[in-house]
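The values are calculated or read from the model by the stated rules, or taken from the named source; none is laboratory data. Note that this is a predicted model, so its numbers are computed, not measured. All Cβ positions, glycine included, derive from the backbone under ideal geometry; neighbour counts span all protein chains shown. With ligands, DNA and RNA removed, areas are computed over all heavy atoms of the protein, side chains included. Shrake-Rupley method; radii C 1.70, N 1.55, O 1.52, S 1.80 Å.
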Protein chains: 2
Amino acid sequence: MKVVIVGANGAVGNAAVEALSERHQIIRVGKTSGDIQVDLEDVASIRAMYEAIGKIDAMVCAVGHGHFGPVDEMTTDQFIEGINGKVLPQINLVLSGFEYMNDGGSFTLTSGVLNRDPIKGGSGAAAANGAIDGFVGGAAIEMPRGIRINAVSPEVLEVSRAKYDGFFRGHNHVSNEAVGRAFSKAVEGLVNGQILIVE
Amino acid sequence: MKVVIVGANGAVGNAAVEALSERHQIIRVGKTSGDIQVDLEDVASIRAMYEAIGKIDAMVCAVGHGHFGPVDEMTTDQFIEGINGKVLPQINLVLSGFEYMNDGGSFTLTSGVLNRDPIKGGSGAAAANGAIDGFVGGAAIEMPRGIRINAVSPEVLEVSRAKYDGFFRGHNHVSNEAVGRAFSKAVEGLVNGQILIVE
């Protein structure tokens, strides 16, 4: 299969690359790294990315950023950072991707643990994850041409433990292999509309 | 208690009014109706609404609109209608409401059935509901001064059966009383971080 992995250079994206690259043709996409660059907050840039890649069998997106901070100090602009930094990029990759997706292909998005197991300062991220999970469930029942859509919702990765030190006290840490298996199930299996929790 | 009900003239908001008005002072807010008018897509208008009302014990929001249509024909602007029409209004009512909310008060938002039981054309609404549910869970754990936040997530109301005829085939319809009890539980009880499902 020809598999596009957006955010391939990040921790989660790299777990997807590790799980899929032995058996498939991987096109790595990043903001500044990878085979092709894209600005995910610009729909024209997303379209140009697909145009450069052509027809695909799977799109995996493992990107997202947003504001972290106390809810009672959050501004609307800070809340919108998570919409613009995580929700719209992932949804736009789907909306713009249909015409490039082969029959029976798949979209796999990445949400995360914070809408089921919240942390201090994480309400914006929880909303973003909830939007992605909701979209996946809503979209899955009407995907055309046998195309599937799922989300991987991982706990914090072992490799990100140092980066997030102190933010996720008491949370599990999961291996690249465990996260990779979820992407493998989404891309190489036949599940549809699933939130694949890794914890 | 002094309870603000935003969207009081809608079907869901009216169910909240019916459940709470016997025991509490209700301030009805609408776009064009009610005691006070607000443009929920304008943060300045939301702030002016709170300024006019003053200190409150509870804010109930029962509004939201967005695009309905097949996911593979949806544009990003159509997707954003649900963000701007349902997610941001409800979240901004919380973010701007802290300084007007008395200690131990509550915010009650309204999501809906579509992110747990999807319908054709409902992926945008499912994402919006998921964002609201996610925000509630994320925000609840760090609400200041004993303030609580919950969401009511109702099935289609009996009174809206004709309006949505054909869109929700096979779905249950719920009574005003059942929906009102959920708002009563959120406003008059002590639950926090709950998605109060009515189905």
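The relative contact order of chain A, computed from alpha carbon pairs under 8 Å that lie at least 6 residues apart in sequence, is 21 percent. Give the separation of the Cα centroids, region A:141-199 to region B:69-126, in Å. With region A:141-199 and region B:69-126 each reduced to a Cα centre, they are spaced 24 Å.
Copy-to-copy label distances for A:Arg161, where each label lies 7 Å from Cα along Cα-to-Cβ, are 5.8 nm in order of increasing length.
Only protein heavy atoms count here; on that basis, with a 1.4 Å probe, A:Val38 has an accessible area of about 10 Å². Relative to the Cα centre, the charge distribution of region A:158-199, modelled as +1 at Lys and Arg Cβ and -1 at Asp and Glu Cβ, gives a dipole magnitude of about 80 debye. Sorted shortest first, the distances from the B:Leu190 label point to those of the same residue in the other copies are 5.1 nm; each point sits 7 Å from Cα along Cα-to-Cβ.
GNM remark for chain A: springs join alpha carbons under 10 Å apart, and the peak mean-square fluctuation among A:Val29, A:Val71, A:Val152 falls on A:Val71.
Using a 10 angstrom Cβ neighbour count of at most 11 plus a DSSP loop assignment to flag exposed trypsin sites (Lys or Arg not before Pro), which longest range of chain A is free of such sites? The longest such stretch corresponds to A:56-144.
Here the Karplus curve 6.51 cos²θ - 1.76 cosθ + 1.60, taken at θ = phi - 60°, turns the phi angles of region B:139-149 into couplings of 6, 4, 6, 10, 5, x, 6, x, 6, 10, 9 Hz, with x standing for Gly and Pro.
The phi-based Karplus calculation (6.51 cos²θ - 1.76 cosθ + 1.60; θ = phi - 60°) puts the 3J(HN,Hα) values of region B:76-85 at 5, 4, 5, 4, 5, 3, x, 5, 6, x Hz, whole numbers, x for Gly and Pro. Karplus-derived 3J(HN,Hα) values for region B:106-115, using 6.51 cos²θ - 1.76 cosθ + 1.60 with θ = phi - 60°, are 8, 9, 10, 9, 10, 9, x, 6, 6, 8 Hz; glycine and proline are entered as x.
As a size descriptor, the averaged projected area of the C-alpha convex hull of region A:131-199 was calculated at 5.1 nm². Taking amide H positions as placed 1.01 Å from N in the peptide plane, with prolines and chain starts having none, which residues 5 or more places from B:Ile197, or on another chain, fall under 5 Å of its amide H? For B:Ile197, the qualifying residues are B:Ser153. Average accessible surface for region B:2-198: 39 Å² per residue, computed with a 1.4 Å probe over protein heavy atoms with every protein chain in place. The angle between the Cα long axis of helix B:43-53 and the main principal axis of chain B comes to about 40°, on a 0 to 90 degree scale. Considering helices alone, the calculated mean residue ellipticity of chain A at 222 nm is -10000 deg cm²/dmol, with DSSP H runs of length four and up weighted by -39500 (n - 2.57) and normalised per residue. Each other residue within a Cβ distance under 14 Å of A:Ile197 adds +1 if Lys or Arg and -1 if Asp or Glu, for a net charge of -1.
Within the accessible surface of the protein assembly as shown, defined with a 1.4 Å probe on protein heavy atoms only, the carbon and sulfur portion equals 47 percent.
Of the chymotrypsin sites (Phe, Trp or Tyr not before Pro) in region A:120-199, the ones in a loop by DSSP (not H, G, I, E or B) with at most 16 other beta carbons within 10 Å are A:Tyr164, A:Phe167.
Annotation: amide H of A:Ser106 within the under-5 Å range of A:Ala58, A:Met59, A:Arg148, sequence separation 5 or more or interchain, hydrogens built in the peptide plane. Normalised size of the protein assembly as shown, defined as Cα radius of gyration per 2.2 N^0.38 Å with N residues, equals 0.98. With a 10 Å cut-off around each Cβ of A:67-74, the average count of Cβ atoms from other chains is 5. Of A:Gly66, A:Gly30, A:Ala19, which is farthest towards the positive pole of chain A's charge dipole, taken about the Cα centre with +1 and -1 on the beta-carbons of Lys, Arg and Asp, Glu respectively? So the residue furthest toward the plus end is A:Ala19. The per residue volume of the convex hull around the alpha-carbon atoms of region A:98-145 is 77 Å³. DSSP finds beta bridges in region A:2-198, and of those with both partners inside it, around 0 percent are antiparallel. For B:Ile27, the residues 5 or more places off, or on other chains, whose built amide H falls under 5 Å of its own are B:Val3, B:Val4, B:Ile5.
Only protein heavy atoms count here; under a 1.4 Å probe, A:Leu190 has an accessible surface of about 150 Å².
Spin-label model, B:Lys55/A:Glu22: points 7 Å from Cα along the beta carbon direction are separated by 6.6 nm.
How compact is chain A by the rule of thumb for globular proteins, expressed as Cα Rg over 2.2 N^0.38 Å? Mind dumping the intermediate values first?
Values: Rg = 15.8 Å, N = 199, 2.2 N^0.38 = 16.4 Å.
In units of the 2.2 N^0.38 Å rule of thumb, it is 0.96.
Stick to the Cα atoms of region A:50-158, pair each with every other, and give me the Kirkwood hydrodynamic radius in Å at one decimal. Working shown, then result.
Details: mean 1/r = 0.0685 Å⁻¹.
For region A:50-158, the Kirkwood estimate is 14.6 Å.
Peptide B:113-125 has a mean shielding of 5, counted as Cβ atoms of other protein chains within 10 Å of each residue's Cβ.
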